[in-house]
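Peer 1: Pasting a structure below so you can have a look.
The values are calculated or read from the model by the stated rules, or taken from the named source; none is laboratory data. Remember, predicted model here, so these are calculated numbers, not experimental data. With ideal geometry, Cβ positions are generated from the backbone for all residues, glycine too; neighbour counts draw on all protein chains shown.
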Amino acid sequence: MLKLLKYLTKHAWALAVLAVGFVVTQVWLDLTLPDYMADITRLVQTPGSKMSEIITAGLKMLGCAAGSLAASVVTALCASKIAADFSANLRGEMFRKVQSFSMQEIGRFSTASLITRSTNDITQVQMVIVLGLQVMIKAPIMAVWAIMKISGKQWQWLATTGAAVVILLTVVIVCLVLAYPKFRKLQALTDDLNRVTRENLTGIRVVRAYNAEQYQEEKFEQANAELTGTHLFAMHTMAFMMPGIQLIMSGISLAVYWLGAALINNAADMTEKADIFSEMMVFSQYAIQVVMAFMMLVMIFMVLPRASVAAQRIGEVLGTKASITDGTVTACAPDCRGEITFDRVSFRYPDGDGDVLHDISFTAKRGETVALIGATGCGKSTVVNLIPRFYDVTEGTVTVGGVNVKDYTQNALREMIGYVSQKATLFSGTVRSNVAYGSAHSEDEEVNAAMEIAQGRDILEKTEQGADAYVAQGGSNFSGGQKQRISIARAVFRHPDILIFDDSFSALDYKTDRALRSELKKHCADSTKIIVAQRIGTIKDADRIIVLEEGSVAGMGTHAELMQSCEVYRQIAYSQLSEKELA
């Protein structure tokens, strides 16, 4: 957890120093109160004492209490500001770190876990910082100072106080040993509960279509019950501490008074009895302050185990080195722009048993259309994911513009690419903000032109808002075909050197598909187009078609050439179109 303190700003450290000053002031005022109580006790027992002297001592006690309250409020304000700034900085750093992760790191942690680590885990650490400045600093100062105050008193009272502290620490240690493993498990179970909830919400249509509400409820109940049971065990264990501490505090007061009564009874005269009684009253207050100091530490111990686990989980994310790192090249030679070359490329997923791609080699020149086709799971999407470096190749090289993609900065490489994924992803906002996503400008002419190429003019004309039409989260207020066309418009809007379409025409009808490809050919002639598709009609006119089978190239050429030379391609073609249509 200490490693995370580097995310505190200089302003926060200054506030921390100020808070410590007020904590010391508060402790001094709290420990001064019993002295005035001793004065009042002595004045009451001394013949001839004036009422004004007693009132003055009482007013001083009142002043100390008011000052302690003011110091406590200022400390709380400083602690809240420090904790809030710290958590904001830490969340920002976590977000930036996750943004730098490749798909490998995101898959390693899982989406649900990363969400939990960025929210719940940081909140746990934030709570410790708030309590730490108010309690963790105050408790040891108060304990040491109070012990110094009572160090010269009756040894019987000192021994009683020491025994109470030992019993208190024993109770705390036993509870922590039992509860700490459960706190470690709690965060993982929270991840699991978030995963089940997230799956249920994102897949609500499928759940309802299959009448699987009961099945989802059972999954949630199982995850919820395990989390609840673990949480209850941990809290029940920690719950023994507070009544135990109250018992110890009450017991020490009784012990001090019982021993004091015995000492007073054995005193030689009334003066000695009065002195012992005054000491007893003061000592009982200081002894309670000692126990109170350890009780405040217990409050920290109740949240520290879970916060410690949370800090470790946050540290795991921040300490993870991204497997894909930036190169230094920011641009390629102008005459090589848009050219893509795969040279004997093989690829294996991080946790995979074997290669997904084997010895893939081809070149796509600027302005060409290269299509990938093959059976489901043959590696088509994997091939195109290697171009923008979502993953790095296991063997071989991928070059863009004559430069190895590993040598580019990721920003420079992806600036050259317009990417449309298999699943059309839209963000909450407007059609304009989605089409111009990541761009500093979003003029109507450019947005409309991109939508025109993507055959999305009807989307703009259906609402009075046009390009400012509302887009719900995930584009849930649009059909699959509309989402695909907006996603294609987003890629075209950037005027990239390379356009990658990963099975992104699947929701379009044949007429729209053909019109869209015609517009791409006309308006994006200088862009290299990589198309992954299942339909022969979509790729028939491509300059080069690559047929994949089980991760290897089974054939390469034009449609006519492959119909003559590639059996795999012919089988795909005849399964979709008649001989007359193919002719």
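Quick grid of which residues meet (1) of a type outside the set (Gly, Ala, Ser); (2) out of contact with any helix residue (DSSP H, G or I) (no Cβ under 6 Å at 6 or more places or on another chain):
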position: Asn477; (1), (2): yes, yes
position: Gly481; (1), (2): no, yes
position: Ile488; (1), (2): yes, yes
position: Arg494; (1), (2): yes, yes
position: Phe505; (1), (2): yes, no
position: Arg517; (1), (2): yes, yes
position: Lys521; (1), (2): yes, yes
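Peer 1: Any residue that is farther than 17 Å from Ala112 by Cβ, assigned by TED's automatic domain parsing to the domain that holds Ser308, at pLDDT below 85 and loosely packed, with under 15 Cβ neighbours inside 10 Å - is there at least one of those in the range 220-238?
Peer 2: The answer is yes; a qualifying residue exists.
Residue-by-condition table, conditions (1) surrounded by 16 or more Cβ atoms within 10 Å (Cβ to Cβ); (2) of a type in the set (S, T, N, Q); (3) at pLDDT below 90; (4) under 23 Å from Asp359 (Cα atoms):
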residue: Pro496; (1), (2), (3), (4): yes, no, no, no
residue: Val532; (1), (2), (3), (4): yes, no, no, yes
residue: Thr538; (1), (2), (3), (4): yes, yes, yes, no
residue: Ser552; (1), (2), (3), (4): yes, yes, no, yes
residue: Met556; (1), (2), (3), (4): yes, no, no, yes
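Peer 1: On to the next question. Out of the residues in the range 392-437 that are touching a strand residue (DSSP E or B) at 6+ places or on another chain (Cβ under 8 Å), among the small types (Gly, Ala, Ser) and under 18 Å from Phe501 (Cα atoms), state the one that is surrounded by the most Cβ atoms within 10 Å (Cβ to Cβ).
Peer 2: Result: Gly418.
Peer 1: Working carefully through the options Phe505, Phe478, find the one that is without any contact (Cβ under 8 Å) to a residue 60 or more places away in the chain and closer than 17 Å to Ser381 by Cβ. It would help to see each step written out before you state the result.
Peer 2: Values: Phe478 fails: closer than 17 Å to Ser381 by Cβ.
Going through Phe505, Phe478 in turn, the sole match is Phe505.
Peer 1: Take the range 183-192 and flag every residue that is crowded, with 18+ Cβ neighbours inside 10 Å and either touching a His at 6+ places or on another chain (Cβ under 8 Å) or under 11 Å from Glu226 (Cβ atoms) (or both).
Peer 2: Correct list: Leu186, Leu189, Thr190, Asp192.
Peer 1: Just need a number here: residues in the range 332-346 that are loosely packed, with under 13 Cβ neighbours inside 10 Å and not in a helix (DSSP H, G or I).
Peer 2: Looking only at the range 332-346, we keep the residues that are loosely packed, with under 13 Cβ neighbours inside 10 Å, and these are 333-335, 344.
Filter once more, so that each one left must be not in a helix (DSSP H, G or I): 333, 344.
Qualifying residue count, the range 332-346: 2.
Peer 1: Using the structure shown, decide if Lys483 is at pLDDT below 90 and either farther than 21 Å from Phe342 by Cβ or part of a loop (DSSP other than H, G, I, E, B) (or both).
Peer 2: no
Peer 1: Output yes when any residue across the range 45-59 is modelled with pLDDT under 75, assigned to a helix (DSSP H, G or I), assigned by TED's automatic domain parsing to the domain that holds Asn89 and surrounded by fewer than 16 Cβ atoms within 10 Å (Cβ to Cβ), and no when none is. Step through it out loud before you land on a result.
Peer 2: Within the range 45-59, the first condition is being modelled with pLDDT under 75, and the residues that meet it are 45-49.
Cutting the leftovers down to assigned to a helix (DSSP H, G or I) gives us 45.
If we keep only those that are assigned by TED's automatic domain parsing to the domain that holds Asn89 as well, we get 45.
Retained after the next criterion (residues that are surrounded by fewer than 16 Cβ atoms within 10 Å (Cβ to Cβ)): 45.
Checked against the condition, which is being modelled with pLDDT under 75, assigned to a helix (DSSP H, G or I), assigned by TED's automatic domain parsing to the domain that holds Asn89 and surrounded by fewer than 16 Cβ atoms within 10 Å (Cβ to Cβ), the range 45-59 yields at least one hit.
Peer 1: Now, a different point. Within the range 422-468, can you find the residues that are among the basic types (Lys, Arg) and part of a helix (DSSP H, G or I)?
Peer 2: Those that are among the basic types (Lys, Arg) and part of a helix (DSSP H, G or I): Arg432, Arg457.
Peer 1: Which count do you get for residues in the range 503-530 that are under 39 Å from the mean Cα position of the chain (by Cα) and surrounded by fewer than 21 Cβ atoms within 10 Å (Cβ to Cβ)? Break it down into steps so the answer makes sense when it comes.
Peer 2: Narrowing the range 503-530 to residues under 39 Å from the mean Cα position of the chain (by Cα): 503-508, 527-530.
Adding the requirement that they be surrounded by fewer than 21 Cβ atoms within 10 Å (Cβ to Cβ) leaves 506-507.
So the answer is 2.
Peer 1: Something else about it: From the set of residues in the range 347-391 that are surrounded by 16 or more Cβ atoms within 10 Å (Cβ to Cβ) and of a type in the set (Phe, Trp, Tyr), which is nearest to Lys529 (Cα to Cα)?
Peer 2: Filtering the range 347-391 for residues that are surrounded by 16 or more Cβ atoms within 10 Å (Cβ to Cβ) and of a type in the set (Phe, Trp, Tyr), the one nearest to Lys529 (Cα to Cα) comes out as Phe362.
Peer 1: Follow-up. With the condition kept exactly as written, say whether any residue in the range 393-402 is in contact (Cβ under 8 Å) with a residue 60 or more places away in the chain and over 16 Å from Thr328 (Cα atoms).
Peer 2: no
Peer 1: Suppose the filter is hydrophobic (A, V, I, L, M, F, W, C) and in contact with a strand residue (DSSP E or B) (Cβ under 7 Å, 6 or more places away or on another chain); does Phe294 pass it? Steps first, answer last, please.
Peer 2: Working: hydrophobic (A, V, I, L, M, F, W, C): yes; in contact with a strand residue (DSSP E or B) (Cβ under 7 Å, 6 or more places away or on another chain): no.
When the stated conditions are applied, Phe294 does not pass them.
Peer 1: Can I ask one more? Taking the conditions exactly as written (of a type in the set (A, V, I, L, M) and either under 20 Å from Gly481 (Cα atoms) or outside any helix (DSSP H, G or I) (or both)), does Leu562 satisfy them or not? Write out each step before concluding.
Peer 2: Values: of a type in the set (A, V, I, L, M): yes; either under 20 Å from Gly481 (Cα atoms) or outside any helix (DSSP H, G or I) (or both): no.
Here the answer is no, as Leu562 does not meet what is asked.
Peer 1: Looking at Ser250, Ser278, can you tell me which residue is in the same structural domain as Val166 (by TED's automatic domain parsing) and modelled with pLDDT under 75?
Peer 2: Of Ser250, Ser278, the one residue that is in the same structural domain as Val166 (by TED's automatic domain parsing) and modelled with pLDDT under 75 is Ser278.
Peer 1: Please verify whether the range 157-172 includes one or more residues that are surrounded by fewer than 19 Cβ atoms within 10 Å (Cβ to Cβ), in contact with a Leu (Cβ under 6 Å, 6 or more places away or on another chain), at negative phi and of a type outside the set (Val, Ile, Thr).
Peer 2: No, the conditions are met nowhere in the range 157-172.
Condition check ((1) touching a residue at least 60 places away in the same chain (Cβ under 8 Å); (2) closer than 19 Å to Val27 by Cα; (3) more than 16 Å from the chain's Cα centre (by Cα)) across all residues:
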site	(1), (2), (3)
Leu62	no, yes, yes
Ala65	no, yes, yes
Ala70	no, yes, yes
Ala76	no, yes, yes
Ser80	no, no, yes
Ala83	no, no, yes
Phe86	yes, no, no
Ser110	yes, no, no
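Peer 1: Out of all the residues in the range 132-145, is one or more farther than 30 Å from Ser323 by Cβ and free of Cβ contacts under 8 Å to residues at least 40 places away in the same chain? If you could, list the steps in order and put the result at the bottom.
Peer 2: In the first step, residues of the range 132-145 are kept if they are farther than 30 Å from Ser323 by Cβ; the result is 132-145.
Subsequent filtering for residues that are free of Cβ contacts under 8 Å to residues at least 40 places away in the same chain retains 144.
Yes, that holds for at least one residue.
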